[in-house]
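The values are calculated or read from the model by the stated rules, or taken from the named source; none is laboratory data. Every value quoted in this text rests on a predicted model; they were computed, and no experiment measured them. Here the Cβ positions follow ideal geometry from the backbone for every residue, glycine too, while neighbour counts run over all protein chains shown. Remember, those area values only see protein heavy atoms, side chains included, never the ligands or the DNA or RNA. Shrake-Rupley method; radii C 1.70, N 1.55, O 1.52, S 1.80 Å.
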Amino acid sequence: MRISARADYAVRAALQLAVSGSDGPLKAEAIAAAQDIPHKFLESILNDMRRGGLVVSRRGGSGGYRLARPAESISIADVIRVVDGPLVSVRGVRPPELSYTGPAESLLPLWIALRSNVREILDGVSLADVAFARLPAKVSALTEGPEAWTNP
């Protein structure tokens, strides 16, 4: 699975908003600087997140962006879906819409299993979990083996 720069930036921006809490709205420039995200790219991402109902914005001198809901109720998957679409697709097609024949027939259940596991992790972790270093034990356990940190 590949996480796009757009998805990575969106999650990082949402995490910055999560830790700002009730400090008031954050300007895009402040988020971009704090997370080292290109400002123009971030503006586009924040607009997608606003249209997706994850952030709200206010114009003016005291304006900026804030999360539309508590960080505990927004999953990492929610953010990725808003900016990139489905979590797992094959050639841009969702797995249930695929069909294979012959020796490739078992690929479909493999792609479905992959999607299920990605959903389980990304839907099960909220912005608050990441922002405040409270990853679920099940997720943390997946990082414990040395093979998790190396590339084959």
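Structural remarks
- Mean projected area in nm² (Cα convex hull; one quarter of hull surface) for region 80-148: 6.3 nm²
- Across the alpha-carbon atoms of the chain, the computed radius of gyration and Dmax are 17.6, 63 angstrom.
- Contour excess over end-to-end distance, with Cα ends at ASP84 and GLN35 and 0.36 nm allotted per residue: 15.7 nm
- Residue with peak Gaussian network fluctuation, the chain [Cα springs, cutoff 10 Å], from VAL90, VAL125, VAL82: VAL90
- A simple spin-label model places pseudo-atoms 7 Å from Cα toward Cβ; at ARG69 and SER116 they are separated by 2.5 nm.
- Ordering ARG134, ARG12 by accessible surface, largest first, gives ARG134, ARG12; the 1.4 Å probe counts only protein heavy atoms, with every chain in place.
- For region 4-92, the alpha-carbon radius of gyration amounts to 1.04 times the rule-of-thumb value 2.2 N^0.38 Å expected for a compact globular protein.
- Once the chymotrypsin sites (Phe, Trp or Tyr not before Pro) in DSSP loops with at most 16 neighbouring Cβ atoms within 10 Å are cut out of the chain, the longest remaining piece is 1-99.
- The mean sequence separation of alpha-carbon pairs under 8 Å and at least six residues apart, normalised by the residue count of the chain, gives a relative contact order of 24 percent.
- Within a Gaussian network of the chain (alpha carbon springs, distance under 10 Å), most fluctuating of ASP48, ASP84, ASP23: ASP23
- Loop-resident sites, region 1-108, for GluC sites (Glu not before Pro), counting at most 14 other Cβ within 10 Å (DSSP): GLU105
- For region 32-107, trypsin sites (Lys or Arg not before Pro) meeting the loop criterion (DSSP other than H, G, I, E, B) and having at most 14 other Cβ atoms within 10 Å: ARG59, ARG91.
- Accessible-area ranking of MET49, MET1, largest first, probe 1.4 Å: MET1, MET49
- Distance-filtered residues of region 77-100 - backbone nitrogen under 16 Å, label point 7 angstrom along GLU43 Cα→Cβ: none
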